[in-house]
Structures are given as C-alpha cells and as structure tokens.
Amino acid sequence: MGRNLKTSEPEEILRKGLSQMRTADEDIPVPEDLSRMIGRTVDRELGRRRGRMRLVASISSVAAAAAIAAVALIVPVNGYEPQDTFDDPALACAEAVRALEMVGANFGKGLSQASAQMSRVEEMTSRTISSIQNVMNNEQDDK
C-alpha cells in the first residue's frame, strides 16, 4: 500500500467526504423563533431546579424540626440544684483553700513552662529573621 507523502489514504477519504457535505449557512433552515424556544427551554429547566431545591429545603427543615423535638423529648429536663457537701463551714473553707492552692501551684508551673517556651520562640524568631535578611542581602548582591 503506497501512501501519499502529503496525506494518508484515510485522511484523503475524510477530506473528500467533508467537502461533499459542506453547505452554505444560508441553505440551513433556522426557525425564526429559535431564540425564544431556547429561552423557554432554559426557563423550564431552571424552574425544575428551583422546584427541587424548594422540596429539598422543605424536607430538610421538617427533618431538623423532628430532630429537635426528639432531643427535647428524650433529654429529661431536671432542674439542677447544687447541694452542700460539707456540714461544717470551717471544713468547707479549708477544702476551698486547699483547692485554690492546688490551682495556684499548677498555674505557676504552667507560667514557668510558657516562659521557657516563649524564650525558645523568641530565639527561633530571631534566627529566622537573620536568615531572611541574609537571603535578601545575597539576592541584592547578585543583582
């Protein structure tokens, strides 16, 4: 099968077929109300989508209301009233002081750890800034 150097046989067949199919744009009949028909079709499709969205929104709101009602019915509504755990006010005061001392001690530990970490952050920040300045200086020297 000898092939033409310019086009292959299938390309030539395709080219001939396409040249026979070509017609002038004036020869193709176009309805006068084509743009109106397209507009109506688009409007109809948009209307269907809006209707679906309304249905989904309605179902979602009903489901949310049902879930809220179910939770309200399942969870009992009990008024919580704190009760005294100590009969002796002096004992209650001593326990409160002990709890506050424990909070204060833990707060002090947290502050010292935060201070140590802050020192590390400041050190790393200064290193990063120095590194950025070095890179910028090198770029300026290269120009």
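The values are calculated or read from the model by the stated rules, or taken from the named source; none is laboratory data. This one's a predicted model, so the numbers in the text were calculated from it and none came from an experiment. Every residue, glycine as well, gets a Cβ built from its backbone with ideal geometry; the counts of neighbours run over all protein chains shown.
Laid out as a table, the results:
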| item | result |
| --- | --- |
| Residue match in the range 27-41 (condition: at pLDDT below 80 and part of a helix (DSSP H, G or I)) | yes |
| Filtered residues of the range 68-97 (kept if surrounded by 10 or more Cβ atoms within 10 Å (Cβ to Cβ) and not in a loop (DSSP other than H, G, I, E, B)) | Ile68, Ala69, Ala70, Leu91, Ala92, Cys93, Ala94, Glu95, Ala96, Val97 |
